[in-house]
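First the structure, in the form of C-alpha coordinates, and then the observations on it.
The values are calculated or read from the model by the stated rules, or taken from the named source; none is laboratory data. For clarity, every value in this text was computed on a predicted model and none was experimentally measured. All Cβ positions, even for glycine, are placed from backbone atoms using ideal geometry, and neighbour counts span all protein chains on display.
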Amino acid sequence: MSAHHKSNNPTLRSLSKRQWMRIAAAAAGVGLVVTGGLATRSIYADAKPEAAPQPTAYSVSDSHAASRGNAREALDGEATYVNVSINGKTRTVLGTNFTDVKSVLDAGDITLESGDTVKPDLRTPVDESTTIEITRAGAKMETEESKIPFNTVKKETADLPKGTEKVQTEGQEGILEKTNLVTRSGDKVISSNTFTSYVKKAPVEKVILVGTAVQQAQPSTTQKTDGNASSNNDAAASSSIGTTVPVGDMQQWAHDYLLANGGSEADFTATVYIISHESGWSVTATNASSGAYGLAQALPGSKMASHGADWATNYQTQLKWFWDYCKGRYGSIQGAYAFWQANHWY
(Lines give C-alpha, C1' and ligand atoms only; values in the text may rest on other atoms or scores of the structure.)
Protein backbone atom coordinates (compact mmCIF):
# COMPACT_ATOMS: atom_id res chain seq x y z
CA MET A 1 0.00 0.00 0.00
CA SER A 2 1.39 3.21 -0.81
CA ALA A 3 1.36 5.98 1.94
CA HIS A 4 -0.72 9.23 1.30
CA HIS A 5 0.59 12.74 2.72
CA LYS A 6 -1.89 15.61 3.45
CA SER A 7 -0.48 19.26 2.97
CA ASN A 8 -1.21 22.09 5.50
CA ASN A 9 -0.62 24.91 2.88
CA PRO A 10 -3.45 24.96 0.43
CA THR A 11 -2.66 26.02 -3.14
CA LEU A 12 -4.46 28.83 -4.94
CA ARG A 13 -6.48 26.21 -6.77
CA SER A 14 -7.69 24.69 -3.53
CA LEU A 15 -9.03 28.09 -2.20
CA SER A 16 -12.73 28.38 -2.00
CA LYS A 17 -14.69 31.19 -3.56
CA ARG A 18 -15.25 32.83 -0.16
CA GLN A 19 -11.52 32.79 0.57
CA TRP A 20 -10.86 34.44 -2.77
CA MET A 21 -13.30 37.20 -1.87
CA ARG A 22 -11.58 37.80 1.49
CA ILE A 23 -8.15 38.05 -0.15
CA ALA A 24 -9.44 40.53 -2.70
CA ALA A 25 -11.05 42.70 -0.02
CA ALA A 26 -7.85 42.74 2.03
CA ALA A 27 -5.78 43.68 -1.00
CA ALA A 28 -8.17 46.47 -1.81
CA GLY A 29 -7.91 47.85 1.72
CA VAL A 30 -4.15 47.79 1.60
CA GLY A 31 -4.25 49.63 -1.73
CA LEU A 32 -6.44 52.33 -0.35
CA VAL A 33 -4.11 52.85 2.59
CA VAL A 34 -1.03 53.04 0.37
CA THR A 35 -2.69 55.33 -2.14
CA GLY A 36 -4.04 57.61 0.60
CA GLY A 37 -0.64 57.83 2.22
CA LEU A 38 1.04 58.71 -1.04
CA ALA A 39 -1.60 61.28 -1.82
CA THR A 40 -1.31 62.85 1.61
CA ARG A 41 2.49 62.93 1.31
CA SER A 42 2.20 64.61 -2.05
CA ILE A 43 -0.10 67.25 -0.68
CA TYR A 44 2.22 68.19 2.20
CA ALA A 45 5.30 68.01 0.01
CA ASP A 46 3.93 70.43 -2.55
CA ALA A 47 2.22 72.85 -0.22
CA LYS A 48 4.11 76.03 0.88
CA PRO A 49 3.16 78.28 3.77
CA GLU A 50 1.18 81.19 2.43
CA ALA A 51 2.73 84.53 3.40
CA ALA A 52 0.54 86.78 5.44
CA PRO A 53 -0.66 89.72 3.34
CA GLN A 54 1.54 92.80 3.92
CA PRO A 55 0.26 96.34 3.84
CA THR A 56 1.10 98.06 0.58
CA ALA A 57 0.78 101.71 -0.26
CA TYR A 58 1.63 103.88 -3.20
CA SER A 59 2.83 107.42 -3.43
CA VAL A 60 0.18 109.73 -4.81
CA SER A 61 2.69 110.72 -7.44
CA ASP A 62 3.04 107.17 -8.80
CA SER A 63 1.30 106.61 -12.13
CA HIS A 64 0.11 103.13 -11.08
CA ALA A 65 -1.53 104.32 -7.90
CA ALA A 66 -4.98 102.89 -7.52
CA SER A 67 -6.52 101.33 -4.43
CA ARG A 68 -4.80 101.17 -1.07
CA GLY A 69 -7.64 99.26 0.59
CA ASN A 70 -5.43 96.51 2.03
CA ALA A 71 -3.04 99.08 3.46
CA ARG A 72 -5.84 101.04 5.09
CA GLU A 73 -7.34 97.89 6.66
CA ALA A 74 -3.97 96.71 7.93
CA LEU A 75 -3.23 100.10 9.49
CA ASP A 76 -6.64 100.50 11.08
CA GLY A 77 -7.20 103.82 9.34
CA GLU A 78 -3.86 105.47 10.35
CA ALA A 79 -2.19 107.85 7.91
CA THR A 80 0.33 106.22 5.58
CA TYR A 81 1.54 109.32 3.76
CA VAL A 82 1.81 113.03 4.44
CA ASN A 83 2.79 115.77 2.01
CA VAL A 84 5.64 118.04 3.04
CA SER A 85 6.24 121.30 1.19
CA ILE A 86 9.63 122.96 1.50
CA ASN A 87 9.79 126.43 -0.04
CA GLY A 88 6.95 125.50 -2.35
CA LYS A 89 8.41 122.18 -3.46
CA THR A 90 6.26 119.26 -2.35
CA ARG A 91 7.45 115.86 -1.23
CA THR A 92 5.40 112.87 -0.07
CA VAL A 93 6.65 111.06 3.03
CA LEU A 94 5.50 107.43 3.46
CA GLY A 95 5.25 105.68 6.79
CA THR A 96 3.18 103.49 9.12
CA ASN A 97 3.36 105.15 12.50
CA PHE A 98 2.73 108.85 11.99
CA THR A 99 1.47 110.55 15.11
CA ASP A 100 2.41 114.19 14.69
CA VAL A 101 4.36 116.56 12.45
CA LYS A 102 7.67 115.65 14.08
CA SER A 103 7.16 111.93 13.37
CA VAL A 104 6.64 112.72 9.68
CA LEU A 105 9.82 114.77 9.49
CA ASP A 106 11.74 112.01 11.26
CA ALA A 107 10.41 109.39 8.85
CA GLY A 108 11.32 111.56 5.88
CA ASP A 109 14.78 112.32 7.31
CA ILE A 110 13.99 116.01 7.07
CA THR A 111 16.25 118.02 9.36
CA LEU A 112 15.12 121.47 10.34
CA GLU A 113 17.70 124.19 10.08
CA SER A 114 18.07 127.25 12.25
CA GLY A 115 15.54 129.82 11.18
CA ASP A 116 13.14 127.38 9.53
CA THR A 117 9.45 127.88 10.21
CA VAL A 118 7.04 124.94 10.30
CA LYS A 119 3.26 124.97 9.90
CA PRO A 120 1.53 123.35 11.70
CA ASP A 121 3.79 123.08 14.73
CA LEU A 122 5.75 119.93 15.50
CA ARG A 123 3.24 118.46 17.99
CA THR A 124 0.19 118.78 15.77
CA PRO A 125 -1.48 115.41 14.92
CA VAL A 126 -1.48 114.54 11.21
CA ASP A 127 -3.58 112.61 8.75
CA GLU A 128 -3.52 112.16 5.00
CA SER A 129 -5.13 115.53 4.42
CA THR A 130 -2.31 117.30 6.27
CA THR A 131 0.27 119.29 4.33
CA ILE A 132 3.30 120.34 6.33
CA GLU A 133 4.76 123.61 5.11
CA ILE A 134 8.38 124.44 5.83
CA THR A 135 9.81 127.83 4.95
CA ARG A 136 13.56 127.46 4.78
CA ALA A 137 15.46 130.64 5.26
CA GLY A 138 17.60 131.34 2.21
CA ALA A 139 20.55 133.68 2.03
CA LYS A 140 21.10 136.23 -0.69
CA MET A 141 23.10 139.37 -1.25
CA GLU A 142 21.32 142.64 -0.65
CA THR A 143 22.78 146.12 -1.06
CA GLU A 144 21.85 149.00 1.19
CA GLU A 145 23.03 152.53 1.70
CA SER A 146 23.36 154.33 5.00
CA LYS A 147 24.21 157.90 5.79
CA ILE A 148 27.52 158.96 7.24
CA PRO A 149 26.93 162.00 9.44
CA PHE A 150 29.15 164.96 8.80
CA ASN A 151 31.23 166.46 11.55
CA THR A 152 31.53 170.06 12.55
CA VAL A 153 35.01 171.50 12.73
CA LYS A 154 35.74 174.80 14.37
CA LYS A 155 38.81 176.69 13.28
CA GLU A 156 40.16 179.80 14.89
CA THR A 157 40.93 182.79 12.73
CA ALA A 158 42.18 186.29 13.46
CA ASP A 159 40.22 187.56 10.50
CA LEU A 160 37.06 187.64 12.58
CA PRO A 161 36.46 189.53 15.79
CA LYS A 162 36.64 187.48 18.92
CA GLY A 163 33.31 185.92 19.85
CA THR A 164 32.01 185.78 16.28
CA GLU A 165 31.64 182.75 14.07
CA LYS A 166 31.24 182.23 10.35
CA VAL A 167 30.40 179.11 8.39
CA GLN A 168 33.17 178.53 5.91
CA THR A 169 31.91 175.22 4.47
CA GLU A 170 28.48 173.68 4.77
CA GLY A 171 28.45 170.07 5.88
CA GLN A 172 27.20 167.24 3.69
CA GLU A 173 26.36 163.70 4.73
CA GLY A 174 28.32 160.89 3.17
CA ILE A 175 27.02 157.56 1.89
CA LEU A 176 28.19 154.16 3.06
CA GLU A 177 27.22 151.30 0.74
CA LYS A 178 26.97 147.86 2.28
CA THR A 179 26.44 144.49 0.65
CA ASN A 180 24.93 142.16 3.21
CA LEU A 181 24.40 138.42 3.24
CA VAL A 182 20.79 138.37 4.40
CA THR A 183 18.95 135.30 5.62
CA ARG A 184 15.19 135.58 5.66
CA SER A 185 12.26 133.44 6.71
CA GLY A 186 9.28 134.79 4.87
CA ASP A 187 9.36 138.53 5.47
CA LYS A 188 11.39 138.20 8.64
CA VAL A 189 15.16 138.82 8.58
CA ILE A 190 16.86 136.07 10.56
CA SER A 191 20.40 137.34 10.18
CA SER A 192 22.30 139.94 8.22
CA ASN A 193 26.06 139.85 7.91
CA THR A 194 28.02 142.53 6.13
CA PHE A 195 29.84 141.04 3.17
CA THR A 196 31.45 144.22 1.83
CA SER A 197 31.10 147.92 2.48
CA TYR A 198 32.78 151.04 1.28
CA VAL A 199 32.46 154.80 1.47
CA LYS A 200 30.51 155.59 -1.68
CA LYS A 201 30.54 159.28 -0.89
CA ALA A 202 32.74 160.82 1.76
CA PRO A 203 31.09 163.25 4.16
CA VAL A 204 31.98 166.90 3.91
CA GLU A 205 32.79 168.54 7.20
CA LYS A 206 31.02 171.64 8.25
CA VAL A 207 33.73 174.17 8.92
CA ILE A 208 33.02 177.08 11.21
CA LEU A 209 35.52 179.88 11.58
CA VAL A 210 35.81 181.24 15.08
CA GLY A 211 37.14 184.78 15.45
CA THR A 212 40.05 185.51 17.75
CA ALA A 213 40.86 189.13 16.84
CA VAL A 214 40.65 191.62 19.65
CA GLN A 215 39.40 195.13 18.80
CA GLN A 216 41.88 197.81 19.82
CA ALA A 217 41.40 201.53 20.10
CA GLN A 218 42.82 203.52 17.22
CA PRO A 219 46.05 205.27 18.21
CA SER A 220 46.15 209.06 18.01
CA THR A 221 49.19 208.84 15.76
CA THR A 222 49.55 206.66 12.75
CA GLN A 223 51.62 203.63 13.54
CA LYS A 224 53.27 201.40 11.02
CA THR A 225 51.80 197.96 11.03
CA ASP A 226 53.47 194.79 9.96
CA GLY A 227 52.14 193.89 6.56
CA ASN A 228 52.87 190.24 7.22
CA ALA A 229 50.72 190.01 10.34
CA SER A 230 47.54 189.18 8.51
CA SER A 231 49.25 186.62 6.32
CA ASN A 232 50.84 185.04 9.37
CA ASN A 233 47.46 184.74 11.03
CA ASP A 234 46.05 183.18 7.88
CA ALA A 235 48.90 180.73 7.77
CA ALA A 236 48.32 179.82 11.38
CA ALA A 237 44.63 179.33 10.74
CA SER A 238 45.19 177.19 7.65
CA SER A 239 47.81 175.10 9.38
CA SER A 240 45.40 174.29 12.18
CA ILE A 241 43.09 171.36 11.45
CA GLY A 242 40.62 172.71 13.93
CA THR A 243 38.54 171.19 16.67
CA THR A 244 35.94 168.61 15.75
CA VAL A 245 32.69 168.24 17.66
CA PRO A 246 32.04 164.53 18.36
CA VAL A 247 29.07 162.95 16.59
CA GLY A 248 27.83 159.71 18.09
CA ASP A 249 28.95 157.43 20.88
CA MET A 250 32.06 156.11 19.13
CA GLN A 251 33.42 159.57 18.45
CA GLN A 252 32.60 160.75 21.95
CA TRP A 253 34.51 157.83 23.41
CA ALA A 254 37.43 158.45 21.06
CA HIS A 255 37.49 162.12 22.00
CA ASP A 256 37.46 161.47 25.74
CA TYR A 257 40.01 158.65 25.51
CA LEU A 258 42.49 160.69 23.50
CA LEU A 259 42.32 163.71 25.78
CA ALA A 260 42.64 161.50 28.86
CA ASN A 261 45.74 159.83 27.44
CA GLY A 262 47.82 162.80 26.29
CA GLY A 263 46.12 163.42 22.95
CA SER A 264 44.86 166.75 21.67
CA GLU A 265 41.77 168.13 20.00
CA ALA A 266 43.75 168.15 16.76
CA ASP A 267 44.50 164.44 17.21
CA PHE A 268 40.80 163.77 17.56
CA THR A 269 39.99 165.85 14.49
CA ALA A 270 42.58 163.93 12.48
CA THR A 271 41.11 160.67 13.73
CA VAL A 272 37.59 161.66 12.72
CA TYR A 273 38.71 162.72 9.26
CA ILE A 274 40.61 159.53 8.44
CA ILE A 275 38.04 157.12 9.86
CA SER A 276 35.16 158.94 8.15
CA HIS A 277 36.87 158.63 4.78
CA GLU A 278 38.14 155.08 5.27
CA SER A 279 35.10 153.33 6.70
CA GLY A 280 32.37 155.82 7.52
CA TRP A 281 32.65 154.64 11.13
CA SER A 282 31.47 151.14 10.28
CA VAL A 283 33.17 148.63 12.57
CA THR A 284 32.67 145.79 10.09
CA ALA A 285 33.55 147.74 6.93
CA THR A 286 35.20 145.35 4.47
CA ASN A 287 36.94 146.20 1.22
CA ALA A 288 35.81 143.73 -1.44
CA SER A 289 39.03 143.92 -3.46
CA SER A 290 41.75 144.19 -0.83
CA GLY A 291 40.13 142.63 2.21
CA ALA A 292 40.93 145.62 4.43
CA TYR A 293 38.70 145.58 7.49
CA GLY A 294 37.31 147.72 10.24
CA LEU A 295 37.21 151.40 11.13
CA ALA A 296 40.80 151.99 10.10
CA GLN A 297 40.73 149.48 7.21
CA ALA A 298 43.55 147.36 8.60
CA LEU A 299 45.06 144.98 6.06
CA PRO A 300 44.64 142.27 7.02
CA GLY A 301 42.10 142.92 9.74
CA SER A 302 43.69 140.30 11.96
CA LYS A 303 46.54 142.73 12.62
CA MET A 304 44.27 144.35 15.18
CA ALA A 305 44.31 141.17 17.26
CA SER A 306 47.45 142.57 18.88
CA HIS A 307 45.14 144.95 20.75
CA GLY A 308 42.36 142.53 21.66
CA ALA A 309 40.72 139.26 20.72
CA ASP A 310 37.51 141.18 20.02
CA TRP A 311 39.13 143.18 17.24
CA ALA A 312 36.48 142.19 14.69
CA THR A 313 33.57 143.83 16.52
CA ASN A 314 34.89 146.20 19.19
CA TYR A 315 35.37 149.78 18.00
CA GLN A 316 37.51 150.63 21.02
CA THR A 317 39.99 147.87 20.21
CA GLN A 318 40.10 148.99 16.60
CA LEU A 319 40.70 152.64 17.49
CA LYS A 320 43.49 151.82 19.92
CA TRP A 321 45.20 149.82 17.19
CA PHE A 322 44.68 152.70 14.75
CA TRP A 323 46.31 155.28 17.01
CA ASP A 324 49.32 153.08 17.68
CA TYR A 325 49.64 152.33 13.97
CA CYS A 326 49.63 156.03 13.12
CA LYS A 327 52.28 156.77 15.74
CA GLY A 328 54.45 153.87 14.65
CA ARG A 329 54.28 154.56 10.90
CA TYR A 330 53.86 158.35 10.67
CA GLY A 331 55.13 159.53 14.05
CA SER A 332 51.75 160.84 15.16
CA ILE A 333 48.06 160.82 14.38
CA GLN A 334 48.41 164.22 12.74
CA GLY A 335 51.30 162.90 10.72
CA ALA A 336 48.99 160.22 9.31
CA TYR A 337 46.43 162.93 8.60
CA ALA A 338 48.96 165.00 6.65
CA PHE A 339 49.92 161.93 4.60
CA TRP A 340 46.25 161.16 3.89
CA GLN A 341 45.68 164.72 2.72
CA ALA A 342 48.54 164.44 0.27
CA ASN A 343 47.91 160.91 -0.99
CA HIS A 344 44.25 160.11 -0.15
CA TRP A 345 45.34 156.96 1.63
CA TYR A 346 47.58 156.13 4.54
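Residues in the range 276-291 that are farther than 15 Å from residue 146 by Cβ and buried (at least 19 other Cβ atoms within 10 Å of the Cβ): 278 alone. When the residues of the range 81-96 are filtered to those that are at pLDDT below 80 and closer than 13 Å to residue 126 by Cα, the one that is nearest to the chain's Cα centre (by Cα) is 93. Filtering the range 160-177 to residues that are at pLDDT 90 or above, of a type in the set (D, E, K, R) and either in contact with an Asp or Glu (Cβ under 9 Å, 6 or more places away or on another chain) or farther than 10 Å from residue 205 by Cα (or both) leaves 166, 177.
Conditions (1) loosely packed, with under 12 Cβ neighbours inside 10 Å; (2) assigned to a loop (DSSP other than H, G, I, E, B); (3) touching a residue at least 12 places away in the same chain (Cβ under 8 Å); (4) of a type in the set (A, V, I, L, M, F, W, C), marked per residue:
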residue	(1), (2), (3), (4)
106	no, no, no, no
110	no, yes, yes, yes
115	no, yes, yes, no
133	no, no, yes, no
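Return yes or no: is residue 259 surrounded by fewer than 17 Cβ atoms within 10 Å (Cβ to Cβ) and more than 28 Å from residue 181 (Cα to Cα)? For residue 259, the condition - surrounded by fewer than 17 Cβ atoms within 10 Å (Cβ to Cβ) and more than 28 Å from residue 181 (Cα to Cα) - is met. Take the residues of the range 310-329 that are modelled with pLDDT of 95 or more and among the aromatic types (Phe, Trp, Tyr): which is farthest from residue 256 (Cα to Cα)? Going through the qualifying residues, I end up with 325.
Among the candidates 254, 296, single out the residue that is touching a residue at least 60 places away in the same chain (Cβ under 8 Å) and either touching a Ser or Thr at 6+ places or on another chain (Cβ under 9 Å) or surrounded by 13 or more Cβ atoms within 10 Å (Cβ to Cβ) (or both). Exactly one of 254, 296 is touching a residue at least 60 places away in the same chain (Cβ under 8 Å) and either touching a Ser or Thr at 6+ places or on another chain (Cβ under 9 Å) or surrounded by 13 or more Cβ atoms within 10 Å (Cβ to Cβ) (or both), namely 254.
Inclusion of residue 248 among residues that are surrounded by fewer than 16 Cβ atoms within 10 Å (Cβ to Cβ), within 30 Å of residue 284 (Cα to Cα) and at pLDDT 85 or above is warranted. The residue that is modelled with the highest pLDDT, among those in the range 220-245 that are of a type in the set (Gly, Ala, Ser) and part of a helix (DSSP H, G or I), is 239. Evaluating residue 301 against the criteria (1) surrounded by fewer than 17 Cβ atoms within 10 Å (Cβ to Cβ); (2) among the small types (Gly, Ala, Ser); (3) under 24 Å from the mean Cα position of the chain (by Cα) leaves one unmet condition, (1). Looking only at residues of the range 135-177 that are surrounded by 12 or more Cβ atoms within 10 Å (Cβ to Cβ), aliphatic (A, V, I, L, M) and within 44 Å of the chain's Cα centre (by Cα), we find that the one that is farthest from residue 278 (Cα to Cα) is 137. Restricted to the range 249-346, the set of helices (runs of 4 or more DSSP H) holding at least 1 residues that are under 21 Å from residue 194 (Cα atoms) comprises 249-260, 265-278, 315-330.
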